[in-house]
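Each value in this text was obtained by applying a stated rule to the coordinates, not by laboratory testing. Just so it is clear, the structure is predicted and the values come from calculations on it, not from any experiment. Counting neighbours? That spans all protein chains shown, and the Cβs are built from the backbone with ideal geometry, glycine included.
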Amino acid sequence: MKVDRITLLGSPHKNSCNPLVSVVIPAYNEEQYLSGTLQSVINQDFQNFELIVVNNNSTDKTAEIAENFGANIIFEPRQGVGFARQRGFMEAKGSIIATTDADTILPSNWLSRIVDKFEKDENLVAFGGLYTLYSGPLSARLTFSYFAHPAWALDKFFSGGWGLPGVNFAVRKDAFLKVGGFKTELSIGEDAEISRRLRKTGKVLLDPSFLVKTSGRRYRSGLIVGFMTYLPNGITRILFNKHKFLKLPAIRSERPLLPRLLARFIFVLIIITFSFFYFSHYCPLRAGLKRPNFIINKIKAKQTRMKSS
């Protein structure tokens, strides 16, 4: 039996035929979290938007929950967040597309801040922020609360620009279409990859104070295990500009799961060892490096003393 939408939500959102913003949420078996996410979308102080939930082969009540919230439900049979986001973005009617994950709680001014940023800067093609965890191990929650900004700044330094997280991401649709959309074959890092291409078309901005809250299920087996899950992708992306090395299973629960930590740890060690060996012996930059003059002078002086003696 369907729940009356007006009773459930208090007031319906403006799911008009010509919205300014399209909110796209990919969802695969998200019945545990989706209601909270959709309620936070409905509670936005900016209401000129359409709500799109991309049902990515869910076998639970995901579609039913989305329907009860008045969302436009789009079915995407090809499994993966890249396929799901791409399908939702292509179906979006708004000139601005905002996306988050199905286990995320948005602040009530999320959309209004996004719209304000784009209206004030016509050169801005993509905008986003960071996220904290509302559940999961304490170590993970504290780390994301205090060290997320420095970590993202470090990533910006090595990557040459901001990479926006898909959990808190907005883009002009014309810019999205211009770069060809997401790389749908990626099971992880599709947000960072498209951010790199968007930087070539205009300004990509990340505001560290622009926060959403997401679940800590990705770190349910501990902070270190969680980092080891995603670290290989980050290393290969920064060092080799590659985004497809490992495929990750869908994480739909916060129950601890015995990870394949050893294999990932060995993989990281191999990458670090190879990188050290490469930059120490074969890095092209070494060919253009010259010893500082004071070192050369010391060597010459030593050789002169040896000859005179």
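Please list, in order along the stretch 44-59, the HN-Hα scalar couplings obtained from phi with the Karplus expression 6.51 cos²θ - 1.76 cosθ + 1.60 (θ = phi - 60°), rounded to whole Hz, x for Gly and Pro.
With the stated coefficients, the stretch 44-59 comes to 5, 7, 10, 10, 8, 8, 10, 10, 10, 10, 8, 7, 9, 6, 5, 10 Hz.
With a/c under 1.5 counting as rounded, go ahead and sort the stretch 5-218 into rounded, prolate or oblate using the C-alpha gyration tensor (a ≥ b ≥ c being the square roots of the eigenvalues; past the cut-off, prolate if a/b is larger than b/c, else oblate).
rounded
Please give, to one decimal in nm, the separation of the simple spin-label points placed at Lys173 and Asn109, each 7 Å out from Cα toward the Cβ.
About 2.7 nm separates the two model spin labels.
Please give the Cα centre distance for the stretch 121-197 versus the stretch 20-63, rounded to the nearest Å.
19
What is the gain in length, in nm to one decimal, between Asp207 and Leu138 on full extension, counting 0.36 nm per residue of separation less the C-alpha to C-alpha distance?
So the chain would gain 22.4 nm between Asp207 and Leu138.
If amide H atoms are built 1.01 Å from N in the plane of the peptide, which residues on other chains or at least 5 residues away come under 5 Å of the amide H of Glu31?
Under 5 Å from the amide H of Glu31 lie the amide H atoms of Lys61, Thr62, each far enough along the sequence or on another chain.
Net charge near Phe127, counting Lys/Arg +1 and Asp/Glu -1 over other residues with Cβ under 14 Å of its Cβ?
+1
Can you work out the PRE-style zone for Phe75? Point 7 Å along Cα to Cβ, and I want the residues of the stretch 20-62 with backbone N under 17 Å.
27-30, 53-62
Skipping prolines and chain starts, which residues have an amide H placed within reach, meaning under 5 Å, of the one on Val212, given they are 5 or more residues away or on another chain?
Leu130, Tyr131, Thr132
Would you calculate the separation in nanometres between label points at Asn48 and Ile272, each defined as 7 Å from the Cα along the Cα-to-beta-carbon direction?
About 5.1 nm separates the two model spin labels.
Short version: ³J(HN,Hα) in whole Hz for each residue of the stretch 100-109, in order, from phi by Karplus 6.51 cos²θ - 1.76 cosθ + 1.60 (θ = phi - 60°), x for Gly and Pro, what are they?
Rounded to whole hertz, the list is 8, 9, 7, 10, 10, 10, 9, x, 5, 9.
Spin-label point model (7 Å from Cα, Cβ direction): what's the Lys200 to Phe147 distance in nm?
3.4
Using a Förster radius of 41 Å, what is the FRET efficiency between Asn123 and Glu64 based on their Cβ-Cβ separation? Nearest 0.05, please.
0.45
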